[in-house]
Amino acid sequence: MGTTTEVEDLLRLHTPQVLGALVRRYGHFDAAEDAVQEALLAAAGQWPSAGVPDNPRGWLIRVAARRLTDALRAEEARRAREERVAALEPRVPYTLDDRAPREDDTLTLLFLCCHPDLTKPARIALTLRAVGGLTTAEIARAYLVPEATMAQRISRAKQKVRGVRFGRPDQWEQRLPAVLHTLYLIFNEGYTATSGASLQRRDLAGEAIRLTRAVYRLLPDDGEVAGLLALMLLTDARRDARTGPHGELVPLDEQDRGRWDKAAIEEGVALVTRALSRGRAGPYQLRAAIAAVHDEAPSAAETDWQEILGLYEVLVRLVPGPVERLNRAVALAMVDGPAAGLAELALLEPELGHRLDAVRAHLLERAGAYEEARTAYETAAAKTLSLPEQRYLRERAARLKP
């Protein structure tokens, strides 16, 4: 016997692996997902009273496989001649005594959701729906779009991968960067929401960490996988200190470091230290190393900005993107003074939006150019869609009024 809550947790845990097993065996992503949903409904109705099977994943796969093969037979009967239907022999579904699905089914499904033909928004939506187990409504709320819009996005993504069949894809090495980037984008949106009333969306950040842990368990020797997990842990460790009692933004140098998650910091530092010892560092490892320097500093004043600048120098050579160059300019300003940082900002593209204006305002304030700083803060506030960021930037501007 199991309580309804325990059964729901168990179903959430097994859903990606069950879906991955069916898609790996049969293809037909859309139909497989429908079959899994039917199996989940059956389990939710039976398990609380009848008890959880000894092999819950096997039970779910068996039931879902039956539903899927029935659906495929019916579909084929509508589309093909009777002879072809008779010749079509479905694969034998799992039985309760069969082994549980391979642990890499979740990873396989994740790689499918990051198919190269999908756009970044589609990859994120399909990953959260199929692998994360979030409902369409939950994903739509997280990204502040109408549910119908998100449903169309997910539907189009499913159509793109329709009919794809795979065991362990030969393209894993080629697709891994896309998978990691998708998880990184999900985490970033959860850690600092681009719009809305809340600074953070903890459900998205937590889901990104959970999925990255799954990838790490299956690819523990990949330095960039370890680096991404470390980066998420080291960044998320500051979560509770980033907002005040009324949800207001608290910048890094003003945070109460006693509220940082020490266990997450220790785990993240261990992960990135081990990854860096194995050879050439990749971008996620370098970002994690920078986060580790911040997290291990006893106070903001004791932060080793020289080391951070050195790490950014390496990072911008690997990833010369605008965000990386912006962060390097901040580190340069902390080492050589605000004038040096402002000179670097003048070389950056305006595509950075409010972040460029916010950093410029901060450096102008440090340089004593208060009127220019106030204008830059107000410009940044007008550009961001995040209400906590707007309030913070306007408060900084108000403090500089004569």
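Scanning the range 307-342 for residues that are closer than 20 Å to residue 257 by Cβ and not small (Gly, Ala, Ser) yields 307, 308, 330, 334.
If you go through the range 136-180 and pick out every residue that is within 21 Å of residue 212 (Cα to Cα), open to solvent by 60 Å² or more (accessible area, probe 1.4 Å) and modelled with pLDDT of 80 or more, you end up with 1. Residue 244 passes every criterion in (1) open to solvent by less than 40 Å² (accessible area, probe 1.4 Å); (2) without any contact (Cβ under 8 Å) to a residue 12 or more places away in the chain; (3) within 16 Å of residue 176 (Cβ to Cβ) apart from (3).
Any residue at all in the range 333-355 that's in contact with a helix residue (DSSP H, G or I) (Cβ under 8 Å, 6 or more places away or on another chain), at pLDDT below 95 and either under 20 Å from residue 248 (Cβ atoms) or among the polar types (S, T, N, Q) (or both)? Checked against the condition, which is being in contact with a helix residue (DSSP H, G or I) (Cβ under 8 Å, 6 or more places away or on another chain), at pLDDT below 95 and either under 20 Å from residue 248 (Cβ atoms) or among the polar types (S, T, N, Q) (or both), the range 333-355 yields at least one hit.
Within the range 22-39, being closer than 20 Å to residue 134 by Cβ and under 25 Å from the mean Cα position of the chain (by Cα) holds for 22, 23, 29, 30, 32, 33, 34, 36, 37.
One line per residue, one yes/no per condition, for (1) among the basic types (Lys, Arg); (2) touching a Gly at 6+ places or on another chain (Cβ under 9 Å); (3) closer than 30 Å to residue 273 by Cβ:
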site	(1), (2), (3)
307	no, no, yes
311	no, no, yes
330	no, yes, yes
347	no, no, no
368	no, no, no
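Residues of the range 329-341 that are open to solvent by 40 Å² or more (accessible area, probe 1.4 Å) and either more than 17 Å from residue 314 (Cα to Cα) or not β-branched (Val, Ile, Thr) (or both): 334, 336, 339. Just to be sure, is residue 381 part of a helix (DSSP H, G or I) and open to solvent by 40 Å² or more (accessible area, probe 1.4 Å)? The answer is no for residue 381. Listed by first and then second residue, the pairs linking a residue in the range 6-25 that is more than 12 Å from residue 64 (Cβ to Cβ) to a residue that is modelled with pLDDT under 75 and among the basic types (Lys, Arg), with Cβ atoms under 9 Å apart and 6 or more places separating them unless they lie on different chains, are 24/102; 24/165; 24/168.
Scanning the range 355-378 for residues that are in a helix (DSSP H, G or I) and either of a type in the set (D, E, K, R) or surrounded by fewer than 19 Cβ atoms within 10 Å (Cβ to Cβ) (or both) yields 355, 357, 360, 365, 366, 367, 370, 371, 372, 374, 375, 378.
Here the condition is being on the phi > 0 side of the Ramachandran plot and open to solvent by 30 Å² or more (accessible area, probe 1.4 Å); of 279, 206, it holds for 279 alone.
The single condition among (1) over 24 Å from residue 210 (Cβ atoms); (2) out of contact with any Ser or Thr (no Cβ under 7 Å at 6 or more places or on another chain); (3) surrounded by fewer than 22 Cβ atoms within 10 Å (Cβ to Cβ) that residue 62 does not meet is (2). Of the helices (runs of 4 or more DSSP H) lying entirely inside the range 252-332, those containing at least 2 residues that are closer than 20 Å to residue 343 by Cβ, free of Cβ contacts under 8 Å to residues at least 40 places away in the same chain and β-branched (Val, Ile, Thr) are 305-318.
The values are calculated or read from the model by the stated rules, or taken from the named source; none is laboratory data. Keep in mind the model is a prediction, meaning the values are calculated, not measured. Note: ideal-geometry Cβ built from the backbone for every residue, glycine included; neighbour counts use all protein chains shown. Heavy atoms of the whole protein, side chains included, go into the accessibility calculation; ligands, DNA and RNA do not. Shrake-Rupley method; radii C 1.70, N 1.55, O 1.52, S 1.80 Å.
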